């Protein structure tokens with residue numbers, strides 16, 4: 001297999017170019033019928049301990065950068081993605097997301113969202129020390145400017161689509177990620193060794209904020225909600241809350257289990273389960289992540305074109321086979337890349353969701369048939 005390197009010239013290697021569509025031009029009933037056709041397959045997959053689904057993710061680069069600031073533009077781009085997605089053979093439908101970038105939970109501690117021209121939002125840590133953060137009186141996320149904007153986007157999306165389109169939570173981020181956006185990362189990592197009990201306090205406090213804001217979103221989105229949301233294949237038939245936990249790769253497995261695991265389980269208990277994501281190669285953390293109570297799904301990149309440091313398939317095949325935990329495997333690449341990667345990943349009994357980015361409907365159909373033939 002010829003391995004293509006990660007293309008640093010692209011702003012988003014997983015993105016698809018789409019034409020924006022206004023709500024007035026979008027066929028809501030057609031997409032609702034399309035989603036309902038796939039719902040039974042998604043429901044059957046979720047209830048069993050083995051099987052494969054194919055998800056052709058329609059990720060719009062503009063929405064994941066400067067475009068998430070403008071709810072009108074964001075909705076039109078995302079509706080364009082939903083319209084295009086129906087041309088691509090898949091088992092899981094795409095969905096809307098009132099996304100606002102990183103820093104959602106961190107905003108409760110006064111972390112400032114910084115917008116550079118034409119760029120995605122970024123967050124600068126507000127505090128240098130853990131003590132400063134612990135002394136700060138955090139406010140609920142829904143009372144921050146970021147939180148209010150996110151909820152307004154959800155309400156706007158629902159209003160303009162008559163509540164018929166599937167919609168997910170925004171990317172709230174894990175307590176660990178949020179804490180590294182609140183406090184200088186180098187200092188908080190040192191505190192994990194020197195002051196573990198105080199780190200537990202701040203992580204637990206952030207977990208409460210994450211849970212509360214997820215519940216607030218759920219109360220607004222209601223029957224349109226798909227889970228686990230954000231970068232995961234999601235469905236009204238699935239369960240749990242998806243969290244991004246990219247900073248997990250910086251901790252030892254023992255430290256992760258001791259300090260971070262309990263906060264993830266707290267979110268899981270309150271959310272009907274949890275789904276774990278990390279960028280890069282997190283294969284050496286599998287034995288630390290897998291025991292999380294209520295873990296429903298894990299996500300990772302599995303090709304060089306998806307991530308400059310993709311995961312090797314074999315540890316996931318061995319680590320999640322026979323567990324009933326779904327592996328959401330993203331792989332940008334051609335049919336040969338998909339074939340070789342899926343063969344290494346598939347280890348029945350196993351739950352596998354293969355996330356493809358085929359450029360044309362014809363290639364997607366070939367990929368779909370190929371994946372199902374390998375995993376039949």
For this session: Output the residues belonging to the stretch 157-175 that are outside any helix (DSSP H, G or I) and either surrounded by 21 or more Cβ atoms within 10 Å (Cβ to Cβ) or within 18 Å of the chain's Cα centre (by Cα) (or both).
Result: 161, 165, 166, 167, 168, 169, 170, 171, 172, 173, 174
Exercise. Hey, any hits in the stretch 40-50 for a residue that's buried (at least 19 other Cβ atoms within 10 Å of the Cβ), out of contact with any helix residue (DSSP H, G or I) (no Cβ under 8 Å at 6 or more places or on another chain), more than 23 Å from residue 331 (Cβ to Cβ) and touching a residue at least 24 places away in the same chain (Cβ under 8 Å)?
Worked result: no
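Okay, residues lined up against (1) under 24 Å from residue 203 (Cβ atoms); (2) surrounded by 24 or more Cβ atoms within 10 Å (Cβ to Cβ):
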residue: 89; (1), (2): no, no
residue: 107; (1), (2): yes, yes
residue: 113; (1), (2): yes, no
residue: 119; (1), (2): no, no
residue: 128; (1), (2): yes, no
residue: 137; (1), (2): yes, no
residue: 141; (1), (2): yes, yes
residue: 150; (1), (2): yes, yes
Exercise. Is the stretch 70-91 home to any residue that is part of a loop (DSSP other than H, G, I, E, B) and out of contact with any helix residue (DSSP H, G or I) (no Cβ under 9 Å at 6 or more places or on another chain)?
Worked result: yes
Exercise. In the stretch 294-302, is there at least one residue being out of contact with any helix residue (DSSP H, G or I) (no Cβ under 7 Å at 6 or more places or on another chain) and surrounded by fewer than 17 Cβ atoms within 10 Å (Cβ to Cβ)?
Worked result: no
For this session: Starting from the stretch 91-107, take each residue that is at positive phi and free of Cβ contacts under 8 Å to residues at least 60 places away in the same chain and list its partners that are assigned to a loop (DSSP other than H, G, I, E, B) and surrounded by fewer than 24 Cβ atoms within 10 Å (Cβ to Cβ), counting only C-beta distances under 6 angstrom and pairs at least six apart or across chains.
Result: none
Exercise. Tell me, which residue of the stretch 33-69 that is in a helix (DSSP H, G or I), at pLDDT 95 or above and under 18 Å from the mean Cα position of the chain (by Cα) is farthest from residue 363 (Cα to Cα)?
Worked result: 46
For this session: Give 138, 154, 133, 178 a once-over and let me know the one that is modelled with pLDDT of 95 or more and assigned to a loop (DSSP other than H, G, I, E, B).
Result: 138
For this session: From the list 229, 242, pick out the single residue that is outside any strand (DSSP E or B), in contact (Cβ under 8 Å) with a residue 12 or more places away in the chain and buried (at least 19 other Cβ atoms within 10 Å of the Cβ).
Result: 229
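The values are calculated or read from the model by the stated rules, or taken from the named source; none is laboratory data. Please read these numbers as outputs of a predicted model, since none were measured by experiment. Backbone-built Cβ (ideal geometry, glycine too); neighbour counts: all protein chains shown.
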